[in-house]
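Worksheet: one structure, shown below.
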Amino acid sequence: MSVSAGPSSVNGPHSATKGRGVAILGCTGSIGETTFNVLEGLEGQAHDIRVVGLSAGARVEELIERARRWHPEVVCVAESAAVERVEAELPDCEVLCGESGLHELVLRDGIDVVVNGLVGAVGLMPTLAALDAGRDVAMANKEPLVMAGGLVLERARQAGARLLPVDSEPSAMWQCLRGERIEDVSRLILTASGGAFRGRERRELKQVTPEQALHHPTWSMGPKITIDSATLMNKGFEVIEAAWLFSVHVDAVDVVLHRESIVHAVVEFIDGAMLAHMGRTDMALPIQYALTEPGRMPGPLAPLNLAEVGCLHFEAPDLTEFPGLALCYQAGRAGGTVPAALNAANEEAVAAFLAGEIGFLDIHQINERVVADHSRQEADDLERIMAADAWARQQARSVISTLL
Ligand SMILES: NC(=O)c1ccc[n+]([C@@H]2O[C@H](COP(=O)([O-])OP(=O)(O)OC[C@H]3O[C@@H](n4cnc5c(N)ncnc54)[C@H](OP(=O)(O)O)[C@@H]3O)[C@@H](O)[C@H]2O)c1
């Protein structure tokens with residue numbers, strides 16, 4: 001499965017940033033909220049970005065509030081039951097719903113860049129639709145790249161659209177790699193905070209609650225990614241994501257624990273030089289860069305004071321303490337539909353953990369079991385990927401039902 005457009009798909013020709021039309025998918029989430037903060041800052045600097053479309057899931061009141069502030073032409077909600085209420089509140093705005101609504105939204109005229117802040121596999125179809133229509137996608141939503149990275153990059157390449165990394169570590173790599181040749185790179189290094197339970201031994205985690213796991217030491221994010229950070233699945237997914245985005249093997253992507261979350265990624269070159277990207281622990285930086293690149297604008301955050309930061313710490317992750325990370329490397333090496341199966345199992349397991357149905361350590365047991373039982377197929381076809389996703393969800397749910 002070596003379908004990849006490589007760094008050219010993220011470094012290709014850019015469209016002018018002035019007067020750009022933006023759609024924000026998942027505008028009620030953590031990425032959505034930070035994107036609005038960035039837009040406020042850019043608006044204050046007369047950087048003309050128009051919000052054409054917004055989408056939300058269940059948080060309809062927040063969507064209405066955002067739409068009143070940003071005046072999109074079109075919004076999309078997850079459930080049809082919410083359509084009437086949103087129409088009544090936003091009489092000048094078209095209201096769409098469900099997956100077909102997301103698809104329709106990203107095809108609207110006047111959208112130059114789609115900020116994808118959806119969580120999970122639900123973001124795959126609108127990403128493909130936007131890329132097929134030649135729109136750039138500023139991609140925070142990593143799960144579609146884990147499940148179908150080759151396909152997504154191939155569709156971007158075919159349509160001449162770009163995937164702009166927003167996830168902070170791939171964005172950091174992208175920024176370090178600009179003007180460099182990928183063949184001069186020896187290693188890509190992602191940093192990981194270690195999540196809510198860093199420093200704790202695995203055997204201590206059997207009884208931890210969702211509330212404890214949701215307490216991230218350095219980042220403020222949505223619930224799914226916060227649990228993925230505690231299991232280090234998030235970092236494993238970033239390894240697969242970075243391998244796709246920059247056309248390298250997963251084994252060329254290393255992870256180092258870095259508790260301060262100030263260095264986001266490091267690129268090591270064949271001459272031994274290492275370029276690191278540093279910045280505050282805030283998604284405003286990568287989101288704004290995706291919207292203004294290749295240029296930069298003053299951002300909403302004060303720069304870091306390195307003297308105040310003082311020390312930075314780095315250590316190797318213990319893969320026995322974080323077996324989720326090892327499982328992601330295993331899935332990335334296997335390729336084909338295995339990462340899609342792992343992603344789907346993990347989505348089901350995390351949802352069950354958050355619902356209080358299973359324990360924290362069960363998440364890994366479920367993921368491992370589904371990957372072990374999965375019959376790998378090539379991932380060059382969307383139907384096969386979606387079939388692997390559906391199969392893995394069903395398998396995961398049947399394991400979960402034995403744990404209830
Ligand atoms: N948060 C971060 O700092 C961060 C950093 C790097 C990467 N990421 C990645 O960015 C993505 C978003 O993360 P997040 O933390 O922003 O998540 P989040 O706070 O949970 O937000 C997710 C958004 O997606 C919407 N949504 C969820 N399920 C949906 C569905 N079935 N149909 C339509 N909309 C749906 C939610 O709508 P409602 O809330 O209205 O239900 C919300 O707007 C994830 O893939 C994550 O890995 C996040």
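When Gly98 is tested against (1) within 16 Å of the ligand (Cβ to nearest atom); (2) in contact (Cβ under 8 Å) with a residue 60 or more places away in the chain; (3) among the small types (Gly, Ala, Ser), just one condition goes unmet, and that condition is (2).
Out of the range 166-187, which residues are farther than 16 Å from Pro294 by Cα and either in contact (Cβ under 8 Å) with a residue 24 or more places away in the chain or in contact with a helix residue (DSSP H, G or I) (Cβ under 8 Å, 6 or more places away or on another chain) (or both)?
Residues of the range 166-187 that are farther than 16 Å from Pro294 by Cα, as a first pass: 167-169, 181-187.
Residues satisfying the conditions are Asp167, Ser168, Glu169, Ile182, Asp184, Val185, Ser186, Arg187.
Selection of the range 191-242 for residues being within 9 Å of the ligand (Cβ to nearest atom) and either more than 22 Å from the chain's Cα centre (by Cα) or part of a loop (DSSP other than H, G, I, E, B) (or both) yields Trp219, Ser220, Met221, Gly222. Count of the range 38-60 residues, restricted to those that are within 14 Å of the ligand (Cβ to nearest atom) and touching an Asp or Glu at 6+ places or on another chain (Cβ under 9 Å), is 5. Only one of the numbered conditions (1) assigned to a helix (DSSP H, G or I); (2) over 19 Å from the mean Cα position of the chain (by Cα) is not met by Gln288, and that is (2). For the range 312-352, the tally of residues that are over 25 Å from Ala148 (Cα atoms) and either in contact (Cβ under 8 Å) with a residue 12 or more places away in the chain or assigned by TED's automatic domain parsing to the domain that holds Pro144 (or both) stands at 8. Screening the range 174-208 for residues that are modelled with pLDDT of 95 or more and of a type in the set (Ser, Thr, Tyr) and picking the one that is farthest from Val248 (Cα to Cα) gives Thr191. When the range 166-185 is limited to residues that are assigned to a loop (DSSP other than H, G, I, E, B) and more than 20 Å from Thr34 (Cα to Cα), the one that is farthest from the ligand (Cβ to nearest atom) turns out to be Arg181.
Just one of the listed residues (Ala148, Ala133, Ala140, Ala172) is over 18 Å from the mean Cα position of the chain (by Cα) and either hydrophobic (A, V, I, L, M, F, W, C) or more than 24 Å from Lys224 (Cα to Cα) (or both), namely Ala133.
The values are calculated or read from the model by the stated rules, or taken from the named source; none is laboratory data. Since the structure is predicted, the reported quantities are computational estimates derived from the model, not experimental observations. Note that we place each Cβ from the backbone using ideal geometry, even for glycine, and neighbour counts take in every protein chain shown.
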